[in-house]
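To start, the structure itself, in structure tokens.
The values are calculated or read from the model by the stated rules, or taken from the named source; none is laboratory data. Computed from a prediction, not measured in an experiment: that's the story for all the values here. Methodologically, a virtual Cβ is constructed for each residue, glycine included, from the backbone with ideal geometry; neighbour enumeration extends over all protein chains shown. Heads up: the accessible areas ignore ligands, DNA and RNA and are worked out on the full protein's heavy atoms, side chains in. Shrake-Rupley method; radii C 1.70, N 1.55, O 1.52, S 1.80 Å.
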Amino acid sequence: MRGGFGKRLTNDNQEEIKLSQVNKEALKILLGYLKSNIKTLLFAFLAMIVVTLTILAGPYLTKLAIDNYILKGDLSGLNIIFILMLISYALFWFSSYWQTYLSSMVGHKIVASIREGLYTHLQKLPIDFYRKQITGDIMSRLTHDVNALSDLVSSGFIHFFNDLLTLIGIMIIMLFLNIKLALISFIMIPFIFFALLLLGKRMKYAYREVREKLAVLNADVEESLSGIRLVQALNREAINNGKFSRLSWENLKANLKAVSYFALLFPTMNLSRVLGEALVLTFGGWGVVDGVISLGVLLAFMGYIRRFFAPLADLSQVYNTYQSAAAALDRIYEYLSIKPVIKEAKNPIELKDDIKKEEIKVEIIFDKVSFAYEQEKIIEGLCLKVNSAEVFALVGSTGAGKTSTRDRS
């Protein structure tokens, strides 16, 4: 197992969304970034194909060594198998490095471009946008949502096709070697899918509860520390400590619940693999004794069974990765689709360094400006002109509308 399976199960920081519900314009933006890196992606896919072929070659070479050379006493042929195995593992090492490096490079470049583009766009949005949005949500989209896309574009596509090709290749070779033994090996597929989907669903909700408890805990810490002067002034330290301990304990319980499900994952995987190996060894052993299956075929099956369950586990949960990325892409596009109220001039006038401030003539004019909070009028018929280089102060009692006037200037 490549190590990303657990992350796929737990990295569900997005709301539920169907892939068909993703905004088509948002997908166009992502595809545009992918097209600009198409050459690098093609090399990564080429490396992935080589990796898959080398994974499939190992057990088959073992079968050839046993059936064609060892059992026949032709030890000289083992030198050919030895050289082929060395070449196979060298190609695996080389291709695996480039597959990981190239796909990660493309992913990080795309994510950096998306994050920079989103941040630049946010700078152009009006103040009214920031009044309506929660700062934490804006930060979440810039960090967590963009990072969710990183898993998809950096390794999601490559690993998906790698797992798929590996599974298909193993099944084809096993059917080619012995159909009956292959069908016996496939008995474990429904079991592993059911077990992983059941565990995945429970872990999904468990880790969602962990994030919710952690969010409440973080909010309490932020509120307490930002108002520490008031807390100390009112002597609320003991009360706040008690509240923090309760929230921390709830977060701990949620984590323990999630970990209890995660702890079942790898024993379940190992049990499935061991049962698969036991079935192959038992029925294959009878076949070897009866002379209908060669020893090389049996050992090749044992090797393919060990390679079979890791990609199977990854594919059983791949939907979670794509769902998380789809929700993140939709949330990012929601901000990108907001048009700035103030547009940049097509041909802006460039101010040269040698122009003095006195030469720049700018005036601010309010002409019969009115403003009200629902039915209560704060400003009515305001006329004001502020000349260039003039210092202006807005003075008034509390609630007179100073801030409202300032925000609209």
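Just a few scattered comments:
- Close contacts from region 91-110, counting a first residue that is assigned to a helix (DSSP H, G or I) and a second that is open to solvent by 70 Å² or more (accessible area, probe 1.4 Å) and of a type in the set (Gly, Ala, Ser), with Cβ to Cβ under 9 Å and a gap of 6+ residues or different chains, come to Lys109/Ser36; Ile110/Ser36.
- If you filter region 373-390 down to residues that are open to solvent by 60 Å² or more (accessible area, probe 1.4 Å), in a loop (DSSP other than H, G, I, E, B) and modelled with pLDDT under 75, you find that the one that is nearest to Asp128 (Cα to Cα) is Glu374.
One line per residue, one yes/no per condition, for (1) in contact with a Pro (Cβ under 6 Å, 6 or more places away or on another chain); (2) aliphatic (A, V, I, L, M):
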position	(1), (2)
Lys124	yes, no
Lys132	no, no
Phe160	no, no
Met171	no, yes
Ile187	no, yes
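- Inter-residue pairs, beta-carbon under 6 Å, first at pLDDT 90 or above and in region 36-56, second open to solvent by 20 Å² or more (accessible area, probe 1.4 Å) and among the charged types (D, E, K, R), 6+ apart: none
- If you go through region 279-299 and keep only what is among the small types (Gly, Ala, Ser) and under 18 Å from Met171 (Cα atoms), you end up with Gly284, Gly296.
- Within region 26-61, being open to solvent by 70 Å² or more (accessible area, probe 1.4 Å) and among the hydrophobic types (A, V, I, L, M, F, W, C) holds for Leu31, Ile38, Leu42, Phe43, Leu46, Ile49, Leu53.
- Cβ-Cβ contacts under 7 Å between residues 6 or more apart (or on different chains), taken from a first residue in region 239-255 that is free of Cβ contacts under 8 Å to residues at least 12 places away in the same chain to a second residue that is of a type outside the set (Phe, Trp, Tyr) and surrounded by 14 or more Cβ atoms within 10 Å (Cβ to Cβ), are absent.
- Tally of residues being among the hydrophobic types (A, V, I, L, M, F, W, C) and open to solvent by less than 20 Å² (accessible area, probe 1.4 Å) across region 164-194: 7
- Subset tally (residues that are aliphatic (A, V, I, L, M) and surrounded by fewer than 16 Cβ atoms within 10 Å (Cβ to Cβ)) for region 62-77: 2
- Of all residues in region 207-225, those being farther than 30 Å from Leu264 by Cα and open to solvent by 100 Å² or more (accessible area, probe 1.4 Å) number 3.
- Failed criterion for Ser140 (all others in (1) under 21 Å from Ile332 (Cβ atoms); (2) touching a helix residue (DSSP H, G or I) at 6+ places or on another chain (Cβ under 7 Å) hold): (2)
- Any hit, region 251-267, residues being among the hydrophobic types (A, V, I, L, M, F, W, C), over 30 Å from Asp137 (Cα atoms) and open to solvent by less than 70 Å² (accessible area, probe 1.4 Å): yes
- Any hit, region 118-128, residues being part of a helix (DSSP H, G or I) and among the aromatic types (Phe, Trp, Tyr): yes
- With respect to the conditions (1) at pLDDT 80 or above; (2) among the polar types (S, T, N, Q); (3) open to solvent by 80 Å² or more (accessible area, probe 1.4 Å), Ser370 lacks only one, and its number is (3).
- The combined condition, being open to solvent by 50 Å² or more (accessible area, probe 1.4 Å) and part of a helix (DSSP H, G or I), is not fulfilled by Lys204.
- Within region 71-104, the set of residues being aliphatic (A, V, I, L, M) and either at pLDDT 85 or above or out of contact with any helix residue (DSSP H, G or I) (no Cβ under 8 Å at 6 or more places or on another chain) (or both) comprises Ile80, Ile81, Ile83, Leu84, Met85, Leu86, Ile87, Ala90, Leu91, Leu102.
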